[in-house]
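The next block holds one structure in the form of structure tokens; read it before the comments.
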Amino acid sequence: MDRKLNRTLADSFEGIDVQQSVDRLSDWQTRATNATSTDYDHADTVNDFYDLSTELARWGWHESFHFAPMKKGESLNDAILRHEGSMIEKLQLDSTKRVLDVGCGIGGPMRHVARTTGAHVVGIHINEHQIKIGQELNQAAELDHLTDLVQCNFMDMGVLKPNSFDAAYAIESTAHASDKIGAYEQIFRVLKPGAFFGVKKLY
């Protein structure tokens, strides 16, 4: 294993009961199938997944944790940037827009949006560990004045005001939603009338 990755994983697991998280994650389907409505919280499973996988994702995907179709001779990173650029164009993002990144991870796409358009991007994410990393990366990129990170579940975005965003996007994140209709209702609530919403599903 890469020595740098080994050290980074060790640091990221501080304060986490790794074995307990692994056990819960490996058994999530059984718990979800057998539980009553109050016995199982899908958010716990998602948090376990992100606590365990974030540094591995950074090792493989750098800052943007999503797939993108690759052209012949194109690197994964270039494909990701091209894909995000296409999203920026389709959503018509510019410096006048306030944009919501739904399930922002560590904020790779939000930094791309803020850097290239000057839009103000608010990223929401359920996982505290990834929020902390995202804040550090935003500051390092000197984009913290154009970006905000809010820890919340996109199944309940009550911390965000209704009709307050000019656009929103979700890149593979709503695949984790326990109730897809409920998630999209939350997104619709915070968008201004006529605002664009872009969603990318997992391949």
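All of the numbers you see were taken from the coordinates with simple rules; none came from a lab. These numbers were taken from a predicted model, which means no experiment stands behind them. Counting neighbours? That spans all protein chains shown, and the Cβs are built from the backbone with ideal geometry, glycine included.
Please label the shape of the chain as rounded, prolate or oblate, based on the square roots a ≥ b ≥ c of the eigenvalues of the alpha-carbon gyration tensor (a/c under 1.5 means rounded; beyond that, a/b larger than b/c means prolate, else oblate).
Cα axes put the chain in the oblate bin.
Order the peptides 171-178, 144-151, 186-193 from the highest to the lowest mean number of other Cβ atoms within 10 Å of their residues.
The packing order, highest mean first, is 171-178, 144-151, 186-193.
Looking at the chain as a GNM with Cα springs under 10 Å, which of 63, 128, 185 has the largest mean-square fluctuation?
185
How high is the relative contact order of region 81-203, given as a whole-number percent (alpha carbon pairs under 8 Å, six or more residues apart)?
RCO, region 81-203: 26 percent.
Counting Lys and Arg as +1 and Asp and Glu as -1, what is the net charge of the other residues whose Cβ lies under 13 Å from the Cβ of residue 127?
Surrounding charge for residue 127 is -4.
For the pair residue 128 and residue 14, how long in nm is the line joining their label points, each one 7 Å along Cα→Cβ?
1.5
Can you say what percent of the DSSP beta bridges in the chain, counting only those with both residues inside, are antiparallel? Round to 5.
0
For the chain, what does -39500 (n - 2.57) per DSSP helix run (n ≥ 4), summed and divided by total residues, give at 222 nm, in deg cm²/dmol to the nearest 500? Don't skip to the end; give the middle numbers.
Values: 8 runs with 95 residues, N = 203.
Roughly -14500 deg cm²/dmol at 222 nm, from the helical runs in the chain.
Around residue 117, with a cut-off of 15 angstrom between Cβ atoms, what is the net charge of the other residues, counting Lys and Arg +1 and Asp and Glu -1?
Around residue 117, the surrounding residues sum to 0.
Kyte-Doolittle mean at least 0.0 and Cα extent at least 15 Å along the axis: which DSSP H helices of the chain qualify?
Once both thresholds are applied, what remains is 180-190.
Could you pull out the pairs from 180/200; 90/192; 97/192; 97/161; 97/180 whose alpha carbons sit more than 21 Å apart here?
97/180
Give me the log10 of I(q) over I(0) for region 84-203 at q = 0.10, 0.11, 0.21 Å⁻¹, as the Debye formula computes it from C-alpha points; what are the numbers?
After summing over all Cα pairs, the log10 values are -0.25, -0.31, -1.22.
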